[in-house]
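What follows is a set of notes on a single structure, which appears directly below.
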Amino acid sequence: MDMRIVALSDQHGYLPEIQPCNLLIVAGDVCPDGVGPSLAEHHPAKQKAWFDHHVRPWLATSPAAHKVLTWGNHDWCGQACSFEGDSPAAASSTALQILVDDVTSVPSDGAAGRSISIWATPWSNPFMNWAFMKSRAELADVYAAIPDGVDILVSHQPPYGYGDRYDHVGSREVEHLGSRELLAAIERVRPRLVICGHLHGGHGCFEYDGIPIYNVSVVNDQYRLVRSPTVIDIPGW
């Protein structure tokens, strides 16, 4: 039996329709930068209120058996406010779990009794003054905690060279802005699947040493909704 995963990132306030699936993964930047006249950077509690009023009902009505979310660099509420009740340790079910450098597991629809492990992190390389940013040395420490053999690794930022393309406006210069430390962790952990976002122009499916890596951004560099959530069917899960 196939397991259907629907994954998306970089919604920036858009809440698109979700196809029926076993597992829904949101890989960060779910919230808009501003709520009315208030910038989330200065008023994270208002962004949290927007999340509670809009995102929770959207997730509740999305036809997915299990839902996992991590934050991104625009999600100031995730950094400044408490979501302890949604952590794997406190959540009453897998209907929604919010992971920050944490692991959870969900039942598989495949082999009887098997579960699928998911580890997710919201951090990115430093860039301007955004939420959830760490130095490369700090990120190496974060990624060192990823358990060996985890099935799905979810990171807001992509690994270096895979889904991390950035096209400079006004020139033909292309730069890769992903994390070398994350790529090293992927090589060590060897997850069965990697989900990321952050670099809107890096959308697509890539492969590193047999490991599929999906950048699942749904907006373009102008923050317009231009893509549907990514559907991933995995046989035997």
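Between Val169 and Ser82, what length in nm is gained on full extension when 0.36 nm per residue of separation is reduced by their alpha carbon distance?
Working: separation 87, 0.36 × 87 = 31.32 nm, distance 3.72 nm.
Net length gain for the segment: 27.6 nm.
What ranking do His168, His203, His74 get, fewest neighbouring Cβ atoms within 10 angstrom at the top?
Numbers: His168 9, His203 21, His74 26.
Arranged by neighbour count, lowest to highest, His168, His203, His74 become His168, His203, His74.
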Exercise. For a label point 7 Å from the Cα of Met128 along Cα→C-beta, name the residues of region 21-40 whose backbone N is under 16 Å from it.
Key: 29-35, 39-40
Exercise. Based solely on C-alpha atoms, express the radius of gyration and the Dmax of region 84-237 in angstrom.
Key: 16.0, 54
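So which chymotrypsin sites (Phe, Trp or Tyr not before Pro) in region 82-164 are both in a DSSP loop and have at most 11 other Cβ atoms within 10 Å of their Cβ? Intermediate values should be presented prior to the final figure.
Numbers: sites: Phe83, Trp119, Trp123, Phe127, Trp130, Phe132, Tyr143, Tyr160, Tyr162; in loops: Phe83, Trp123, Phe127, Trp130, Phe132, Tyr160, Tyr162.
Those that pass, being in a loop and sparsely packed, are Phe127.
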Practice problem: Give the range of the longest stretch in the chain that excludes all trypsin sites (Lys or Arg not before Pro) found in loop regions by DSSP and having at most 13 other beta-carbon atoms within 10 Å. | Solution: 1-113
Quiz item: Residue farthest toward the positive end of the dipole of region 3-234, with Cβ of Lys/Arg at +1 and Asp/Glu at -1: which of Pro57, Asn73, Gly201?
Solution: Pro57
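No lab work stands behind these numbers, since they all come straight from the coordinates. Everything numeric here is computed off the predicted structure, so don't read it as measured data. Quick reminder, even Gly has a Cβ in these numbers, built from the backbone with ideal geometry, and neighbours come from all protein chains shown.
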